[in-house]
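Notes follow once the structure below has been shown.
Just so it is clear, none of the values below were taken in a lab; they were calculated from the coordinates. Because the structure is predicted, anything quoted here is derived from the model rather than measured. Here the Cβ is made from the backbone with ideal geometry for all residues, glycine too, and neighbour counts use every protein chain on show.
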Amino acid sequence: MDVHEEPSPNPVQVSVPDRLEYRLKQQRIAAEFGYFALKTWDLDELLQEATRLAALGLNATHAKYLRPLGNGAGFLVVAGVGWKSGVVGHARVGDDLESPAGYAYHTETAVISNHLENEERFRTPLLLAEHGITRALNVIIRCDVKKYGVLEVDSPGEGMFDEADISFLENFAAILGVAMQRAERDEQLKEASALQEVLVQEASHRVKNSLSVVAGLLAMQARTAENDDVARALRDAGQRVQTVASVHDRLWKNNTVRIIGLGTFLRDLSEQLQATTSGVTVRCRVDDVDVLTQQAVTMGLLVNELVTNAVKYAYDEQGGFVDVEVRPSAEGCLVLSVEDQGRGLPDKLDTSGGSSLGLRLIASLSRQLGGEPRWERLSPGTRFTVTFLPASDS
């Protein structure tokens, strides 16, 4: 079957200068659409602009994008210009070989119908007849091995579509096919990323729940312990495990994987610590800086230990303030400090750790950050500082 019609016996005569201008116009429109396709990520907007410019490029009043529904259900008019209200998004046309669009889709051959009223090769779709369409041009939209549908340009006026028009519309459809493939792959990447995010959050959530169970078991053991020192050690261990659980909880709720905003993270942690104290106010001043999640976890555990110690030992029933601060240094480091205005450190306290599990933990966490802990006796109170380099994401 020859799908390209023979020239009309009395074709509309077009002068050479006018025809040259017509082809130059088509080149400009194709270039304009190529630029538009590169900058937009909205598929609906892309398809609508494609039909508008395709009609403009062929001096036609109507155009449409036909999406195959599969299983013999025909094509759906997804985008288009020139059609009556209710057509785009609802109307269907046939996708079999007796349909011009169906033939173009299945054979991957452009189909010109310049005289639909006398068409004997195909049946004229009812949609075209209802709009008084007298000529149509159909080309397939594809990229690599996937077919995305058919781009059709229609006109109720006089004139003829020719081989040069086929070339224009096929090139136009090729650009559209690449853009549609890009949009499809972008959507697939988003779905894969969303799935990975869900899996990471689920893993973190399970870690948090498991740690909470361990903390609960330690608390139970503390309540049944007959020795006060053992009970106190179990309670302290349970609180530390619960802190780790809380840190994980905050990370998965913030969709955090590798990088976290330190300011928000430590302010939230300080508010949580404040809620567990009575008479002591925890104040937090932290610059907005991003750090690796693992470094934030270490800082969170360190701040928890320091604030908890200050609440326990710095003040009596009247309470006071504990200040948490992170600031940049001139050398590009970060300086973490926790300060109180309480009774101060005992004179003979070994701040390097000694027999105190809490102080040994503080020293260990400080070194994990890459710094050395420093204790200062104030008048009144105590200041702890550690200076370290932010870890790089490499």
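Key figures
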| item | result |
| --- | --- |
| Relative contact order for the chain, counting Cα pairs under 8 Å that sit 6 or more residues apart, in percent | 9 |
| Helical contribution to [θ] at 222 nm, DSSP H n ≥ 4, -39,500 (n - 2.57), averaged over the chain, rounded to 500 | -16500 deg cm²/dmol |
| Segment Glu331-Gln27, length gained on full extension (0.36 nm per residue, minus Cα span) | 103.7 nm |
| For the chain: rounded, prolate or oblate by the Cα gyration tensor [a/c cutoff 1.5] | prolate |
| Arg360 versus Leu292: modelled label distance in nm, points set 7 Å from Cα along the beta carbon direction | 2.7 |
| Over the range 16-187, equivalent-ellipsoid semi-axes from the Cα gyration tensor in Å | 22, 21, 14 |
| P(r) tail fraction, the range 94-148 - alpha-carbon pairs more than 12 Å apart, % | 64 |
| Charge dipole magnitude, Cβ of K and R +1, D and E -1 - the range 303-394, Cα centre, debye nearest 20 | 220 |
| Top positive-direction residue, dipole computed over the chain with Cβ charges, set Met299, Ser99, Ala174 | Met299 |
| Ranked Met160, Met299, Met220, Met180, criterion: other C-beta atoms within 10 Å, fewest first | Met220, Met160, Met180, Met299 |
| Ranked list, fewest to most other Cβ atoms within 10 Å of each Cβ, for Ile112, Ile141, Ile259 | Ile259, Ile112, Ile141 |
| Convex hull (Cα only) mean projected area of the range 258-394, reported in nm² to one decimal | 8.3 |
| Modelled FRET efficiency - R0 56 Å, Glu119 with Lys39, Cβ distances, 0.05 increments | 0.90 |
| Neighbour-count order for Glu305, Glu45, fewest beta carbons within 10 angstrom listed first | Glu45, Glu305 |
| Rough spin-label spacing in nm, given labels placed 7 Å along Cα→Cβ, for His131 and Gln196 | 4.3 |
| The range 229-353, relative contact order [Cα under 8 Å, separation at least 6], % | 23 |
| 13 Å cut-off, amide nitrogen to a point 7 angstrom out along Asp186 Cα→Cβ, residues in the range 42-78 | 42-47 |
| Potential extension, Leu389-Glu317 segment - 0.36 nm per residue separation minus Cα distance | 22.1 nm |
| Additional length obtainable on full extension of the chain from His90 to Thr107, 0.36 nm per residue less Cα span | 3.6 nm |
| Net charge of neighbours whose Cβ lies under 11 Å from the Cβ of Val150, counting Lys and Arg as +1 and Asp and Glu as -1 | +1 |
| By average C-beta atoms within 10 angstrom, highest first, the peptides 374-385, 90-101 | 90-101, 374-385 |
